[in-house]
Amino acid sequence: MIPIAKPLIGDEEKTAVMNVLNSGMLASGPRTEEFEKKFAEYVGTKYAIATTSGTTALHLGLLGLGVTKHDEVILPSFSFIATANAVLFCDAVPVFCDVDPRTFNLAPEKIEKLITKKTKAIMPVHLYGQAADMNPIQEIAQKHSVHIIGDACQAHGAVYDGKMVGSFGDVECFSFYPTKNMTTGEGGMVTTNNQEVAELIISLRNHGREKTKWGYEHGRLGYNYRMTDIGAAIGLEQLKKLPKNIQMRQKNAAYFDAHLKTVEIPYVLPKATHAYHQYTIKSKNRDALTASLKKNEIGFGIYYPQPLHTYKHLKKYAHDDLKNSETLGNEVVSLPVHPALSSQDIDTIVKVINATI
Ligand SMILES: *Cc1c(COP(=O)(O)O)cnc(C)c1O
């Protein structure tokens, strides 16, 4: 069986975890601080704040921008459920926008007509590891004085217009779930250049605590969204390996691009360097294709079979300009592209797909 994803854990991660266990400092401490510093350097932001998951990073990111009850947040309907749920956690209103069928990302030309007086933020998702088209999105945000919160949960190592993803939004949020480009077990990170936002998020992550004499003083409602030093120790090692692992993903993707004949391969924006968290093709004949993959023991994923506006708790936010998201739900298939694939695995995948009409 060729798996769709595989976390790569080596002796470095194992040693780092043992060192934390032996230190007796298991909760958030020196390893977490170091991980935040290194991650901020990697992305090119002033601050990085570690959390318990990508989902809690998104929740804190929205709260950090002041998103609150009745505010509207514009987001793509073609994404993982957590993108929309984070908006609901803030009692805010998700306003779904359709995506570009080529990039799978927020269609910039469809954003402006969704902006109202209540719009607080635009939330582009850098789906599958390709940056959303940030230049036009930033222009729209500036023109209407709304914030940008980037969902970069799939886009560690992605580049757009010469800059790392994670440095575009007022805040951007990453996930370190085991299937992502790097892992901490479960974990997340918020990146920002804004000191005030960073300080608010740091407080909210720790029960709304304030920097006071005794420590246990709480200025606002907050949460426990703190990363452990065990997770951070894994993350530090994974971060060192990330550039090489992204290169392997890109190499595998380039091979697919050159050799896949019978399906539509991923389109990459001229300004973007795709990190290939997923290599996602489109097929009008998906049932036949996936049956053939299954028969040949090739793992695949359907990310995502349904656009967000079709879920029961989100249906009331549906409207009739979300057709691309609906079509993609029926056509996308993600293939294994991770660094643990052998060249034989890759050849097998190409052969099986090219033999399927
Ligand atoms: C994985 C993911 C999340 C959530 O991250 P978790 O760490 O699983 O909470 C959010 N948005 C997108 C697009 C994701 O892929």
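The values are calculated or read from the model by the stated rules, or taken from the named source; none is laboratory data. Since we're looking at a predicted model, the values are computed, not measured. Ideal geometry is used to build each Cβ from the backbone, glycine not excepted, and the neighbour counts take in all protein chains shown.
Does at least one position in the stretch 289-309 carry a residue that is at pLDDT below 95, assigned to a strand (DSSP E or B) and not aliphatic (A, V, I, L, M)?
No, the conditions are met nowhere in the stretch 289-309.
Please note which strands (runs of 3 or more DSSP E) are completely contained in the stretch 36-117 and include at least 2 residues that are of a type outside the set (Ser, Thr, Tyr) and out of contact with any Phe, Trp or Tyr (no Cβ under 9 Å at 6 or more places or on another chain).
72-76
Give just the number: which of (1) at pLDDT below 95; (2) at positive phi does Met25 not satisfy?
Among (1) at pLDDT below 95; (2) at positive phi, the lone unmet condition for Met25 is (2).
For the stretch 166-186, how many residues meet the condition of being within 16 Å of the ligand (Cβ to nearest atom) and in contact with a strand residue (DSSP E or B) (Cβ under 7 Å, 6 or more places away or on another chain)?
9
I'm checking my understanding of the structure. Among residues of the stretch 126-136 that are buried (at least 24 other Cβ atoms within 10 Å of the Cβ) and not in a loop (DSSP other than H, G, I, E, B), which one is nearest to the ligand (Cβ to nearest atom)?
The extreme case among them is Leu127.
Determine which member of the set Ala141, Ala155 is crowded, with 22+ Cβ neighbours inside 10 Å, in the same structural domain as Gly231 (by TED's automatic domain parsing), more than 16 Å from the ligand (Cβ to nearest atom) and of a type outside the set (Val, Ile, Thr).
Ala141
Mind checking which residues of the stretch 1-22 are of a type outside the set (A, V, I, L, M), at pLDDT 95 or above and under 21 Å from Asn181 (Cα atoms)?
Pro3, Gly10, Asp11, Glu12, Glu13, Lys14, Thr15
For (1) among the β-branched types (Val, Ile, Thr); (2) closer than 17 Å to Phe104 by Cβ; (3) surrounded by fewer than 13 Cβ atoms within 10 Å (Cβ to Cβ), each residue gets a yes or a no:
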residue	(1), (2), (3)
Lys271	no, yes, no
Ala275	no, yes, no
Tyr279	no, yes, no
Gly299	no, no, no
Thr310	yes, yes, no
Tyr317	no, no, no
Lys323	no, yes, yes
Val333	yes, yes, no
Val350	yes, no, no
